[in-house]
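Asks: Can you read through this structure? Questions will come right after.
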Amino acid sequence: MQYKTVYLTIIDNKSKVTVEYVDENGNQVAENVVYAGNVGENYTTEQKAVTGYTFKEVKGNQTGTFTEEEQSVTYVYTKSPAARGTVMARYVDEDGNSIADNMLYTGSVGESYKTEKISIDGYTYIKTQGNSKGTFIEENQTVTYVYKINKKEINNTVDSSDNYQLSKKKRNNQPKSVSKNG
């Protein structure tokens, strides 16, 4: 018996579609995805939700048929406006009464902020409640600076009401705004 050698050539019938996720400047904003399939089979690509970005457009065919040539599809995104955060700095006496205008700090979420104690005539700083510096978050934050009234002696009696009444007249309780980057 004679054997005949037969050579079998396997034809690679595979193809791929590469999907890119980029910003308007071509910078990658999410991991690429590669779809593989046989020539003639259908493919469907997907738009991704990318944190901090909004979908703008797609370049190429979102759906189609695998061909002998490699294909690409590009999803383009624009940077979303940054979320804003606020920090209210309050200046109060030991009883929680406002003794100076509040300061309102605003900035993009993730940016750092720093509030400061201030000098208030007739008062001495005691302590800070909350974080005097940190990072803006989506929730409102409050920092409270607590002061005690300076007491003066008049004819052997302690009189602090003059300073307290004067400071109450000076303030209008409307916060002054301090905006960071915007």
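Asks: What is the calculated FRET efficiency for E31 to E111, with r their C-beta to C-beta distance and R₀ = 30 Å, to the nearest 0.05?
Replies: Taking R0 as 30 Å, the efficiency between E31 and E111 is 0.65.
Asks: Let me ask something else. Which of R90, R84 comes first, and how do the rest follow, when ranked by fewest Cβ neighbours within 10 Å? Let's see the in-between values first.
Replies: Values: R90 20, R84 16.
Starting with the residue having the fewest Cβ neighbours, the order is R84, R90.
Asks: Tally Lys/Arg at +1 and Asp/Glu at -1 over every other residue whose Cβ is under 14 Å from the Cβ of Y75; what's the total?
Replies: Surrounding charge for Y75 is -3.
Asks: From the Cα gyration tensor of segment 14-79, with a ≥ b ≥ c the square roots of its eigenvalues, which class applies: rounded if a/c is under 1.5, or else prolate if a/b is larger than b/c, or else oblate? Could the numbers behind the result be given before it?
Replies: Values: a/c = 2.59, a/b = 2.48, b/c = 1.04.
Prolate shape, in that a/c is at least 1.5 and a/b is the bigger ratio.
Asks: Find the relative contact order for segment 14-79 and round it to a whole percent, using C-alpha pairs within less than 8 Å whose residues are 6+ positions apart.
Replies: After rounding, I find 43 percent.
Asks: Sticking with this one: Label R84 and S72 with points 7 Å out from Cα along Cα→Cβ: what is the distance between them in nm?
Replies: My value for the distance between the label points is 3.9 nm.
Asks: In whole Å, what is the distance between the alpha-carbon centres of segment 13-61 and segment 67-84?
Replies: 7
Asks: Continuing with the same structure: Using the structure shown, list the pairs from K16/K59; K59/K79; K16/K79; K117/K148 with a Cα-Cα distance above 22 Å, or answer none.
Replies: From K16/K59; K59/K79; K16/K79; K117/K148, over 22 Å: K16/K79.
Asks: With a point put 7 Å past each Cα toward its Cβ, work out how far K14 is from V39 in nm, to one decimal.
Replies: 1.5
Values in this text are rule-based calculations from the coordinates and carry no lab data. Just so it is clear, the structure is predicted and the values come from calculations on it, not from any experiment. Please note: Cβ atoms are built from the backbone with ideal geometry, for glycine as well, and neighbour counts cover all protein chains shown.
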